Each structure stands twice: as C-alpha cells, then as structure tokens.
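The structure under discussion appears below in the form of structure tokens.
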Amino acid sequence: MVTTSGGLLTTGQVAKLLGSSRQQVVNLREREFLVESQSTRPGRGYTLEPHDCVVSKLTAGREKHHAFADALIRAGLTEPAVVAERIEMVDVHPLVLKRLRDWIAIYLPAT
C-alpha cells in the first residue's frame, strides 16, 4: 500500500490498518495488480483482484456495495465460487460471516 505522501507501508502497518493478520495481508498482496499508465503519471498504485474487491465491498455491507458486487457477478467479471472461497478467508465477526455466506449462496448452484 502507498501512503498519500508516496511512501510504502510495511506489511505490519497494513495489517494494523485493516485489522487483519500479517499473513492475511501477505496473501492479499500476492493478488494485487499494479495500476500505472500515462494518465496516472507521476503516480501509480495497486488495486485488489476483483474477487477480493467484492468480498471487501460485501464486508462493508452497504447497499451500493451489494449492487456493485451483483453487477460484477452478472457481468461475468467474478465467479461466485471464488467469491465464496475468499469469504471463508476473511477474519470477521461470525454474524458478518453469516451475512456474507447468505449473500453469495444466492449465486451458487443448489447442493
């Protein structure tokens, strides 16, 4: 992660900001994408992989985030099964985890 002054944060600093473990942050960083182009110069940044982005938005729980996640799934930009796998990787309150599981279950094939 990059600070507003352009400096890089350590894995420990990112973990503290996100309320996550250092290992979760390391795993997340392995799936980030560099965003850099003529129009972003002199800056550059990293963005989340789409499935991680969906889980992040769903965890926040705002209606606009549910609409965003729904649009990505319906457009085929994210796979519900992968979102379900990523949901199981987050460290959240059990009630939040239940809400996430219930939401993604709508998009998964019945078992």
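What number comes out for the charge environment of Glu79, summing +1 per Lys or Arg and -1 per Asp or Glu over other residues with Cβ under 13 Å away?
Combined, the nearby Lys, Arg, Asp and Glu give -1.
Rounded to the nearest 0.05, what FRET efficiency do Ser39 and His66 have when you use their Cβ-Cβ distance and R0 = 41 Å?
That pair, Ser39 with His66, gives E of 0.85.
How far apart, in nm, are two points set 7 Å out from the Cα along the Cα-to-Cβ line at Tyr107 and at Val82?
Label at Tyr107, label at Val82, 1.1 nm between them.
Mean separation of Cα pairs under 8 Å and 6+ residues apart, divided by the residue count of segment 42-102: what relative contact order is that in percent?
Relative contact order for segment 42-102 comes out at 35 percent.
Read the figures in this text as sums done on the coordinates, not as results from a lab. These figures come from a predicted structure and were not determined experimentally. Don't worry about glycine lacking a Cβ; one is built from the backbone with ideal geometry, like all the others, and counts go over all protein chains shown.
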